[in-house]
1. Only residues that are in a strand (DSSP E or B), among the aliphatic types (A, V, I, L, M) and surrounded by fewer than 22 Cβ atoms within 10 Å (Cβ to Cβ): list them for region 29-49, please.
2. Going through region 50-61 one residue at a time, which ones are open to solvent by less than 40 Å² (accessible area, probe 1.4 Å), in a strand (DSSP E or B) and at pLDDT 95 or above?
3. Which condition number in (1) loosely packed, with under 14 Cβ neighbours inside 10 Å; (2) closer than 15 Å to Phe29 by Cα is the one that Asn76 fails?
4. Which of the residues spanning region 87-102 are in a loop (DSSP other than H, G, I, E, B) and either closer than 14 Å to Val48 by Cα or free of Cβ contacts under 8 Å to residues at least 24 places away in the same chain (or both)?
5. Would you be able to say whether some residue in region 63-76 is part of a loop (DSSP other than H, G, I, E, B), over 14 Å from the mean Cα position of the chain (by Cα) and without any contact (Cβ under 8 Å) to a residue 40 or more places away in the chain?
6. So for region 4-11 (the condition being over 14 Å from the mean Cα position of the chain (by Cα), part of a loop (DSSP other than H, G, I, E, B) and modelled with pLDDT of 95 or more), does at least one residue qualify?
7. Which is surrounded by fewer than 16 Cβ atoms within 10 Å (Cβ to Cβ) and part of a loop (DSSP other than H, G, I, E, B), of Arg19, Arg26?
8. May I ask you to verify whether Gln81 is touching a Lys or Arg at 6+ places or on another chain (Cβ under 7 Å) and of a type in the set (S, T, N, Q)?
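The values are calculated or read from the model by the stated rules, or taken from the named source; none is laboratory data. Predicted, not measured: the structure shown is a model, and the values here were computed from it. A quick note on method: Cβ atoms are made from the backbone with ideal geometry, for glycine too, and the neighbour counts reach across all protein chains shown. Note: areas computed on protein heavy atoms with side chains; ligands, DNA, RNA excluded. Shrake-Rupley method; radii C 1.70, N 1.55, O 1.52, S 1.80 Å.
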Amino acid sequence: QVQLVESGGGLVQPGGSLRLSCVASRSLFNFYSVGWYRQAPGNQRELVARITTGSTTSYADSVKGRFTISTDNAKNTVSLQMNSLKPEDTAVYYCGVDFTPTTPRRFGQGTQVTVSS
């Protein structure tokens, strides 16, 4: 089991920045992957950015060059720096972890990000 607590969401104007953080109740070394996912109204949850064992990172095409995922293993924290935000980035953002490549992904409660003028 793991508890994931996200923070850092809010309202920001287009072109602005936000930094999301997720604190896990267990060491990040327990996980095959850690990442961020988002779900906009009417849409399915989708991958935003993920780090897998061996520090391989992957990003959704829509956020490449604007978002950066990072980890702080000493603080059990996964962060997402989001720059040049667009209205289409508006969604609930979830921290997600996989214990193995085949076990069900675990999510936090989510944090709302709204990009609007």
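1. Pass one, region 29-49, residues in a strand (DSSP E or B): 33-39, 46-49.
Next, from what is left, pick out any that are among the aliphatic types (A, V, I, L, M): 34, 47-49.
Leu47, the sole residue that qualifies.
2. First, the residues of region 50-61 that are open to solvent by less than 40 Å² (accessible area, probe 1.4 Å): 51-52, 60.
In the following step, the residues that additionally are in a strand (DSSP E or B) were identified as 51-52.
Ile51, the sole residue that qualifies.
3. Against the list (1) loosely packed, with under 14 Cβ neighbours inside 10 Å; (2) closer than 15 Å to Phe29 by Cα, Asn76 comes up short only on (1).
4. Those that are in a loop (DSSP other than H, G, I, E, B) and either closer than 14 Å to Val48 by Cα or free of Cβ contacts under 8 Å to residues at least 24 places away in the same chain (or both): Thr90, Thr102.
5. Within region 63-76, one or more residues are part of a loop (DSSP other than H, G, I, E, B), over 14 Å from the mean Cα position of the chain (by Cα) and without any contact (Cβ under 8 Å) to a residue 40 or more places away in the chain.
6. There is no residue in region 4-11 that is over 14 Å from the mean Cα position of the chain (by Cα), part of a loop (DSSP other than H, G, I, E, B) and modelled with pLDDT of 95 or more.
7. Details: Arg19 fails: part of a loop (DSSP other than H, G, I, E, B).
Selected residue: Arg26, the only one of Arg19, Arg26 that is surrounded by fewer than 16 Cβ atoms within 10 Å (Cβ to Cβ) and part of a loop (DSSP other than H, G, I, E, B).
8. Details: touching a Lys or Arg at 6+ places or on another chain (Cβ under 7 Å): yes; of a type in the set (S, T, N, Q): yes.
When the stated conditions are applied, Gln81 passes them.
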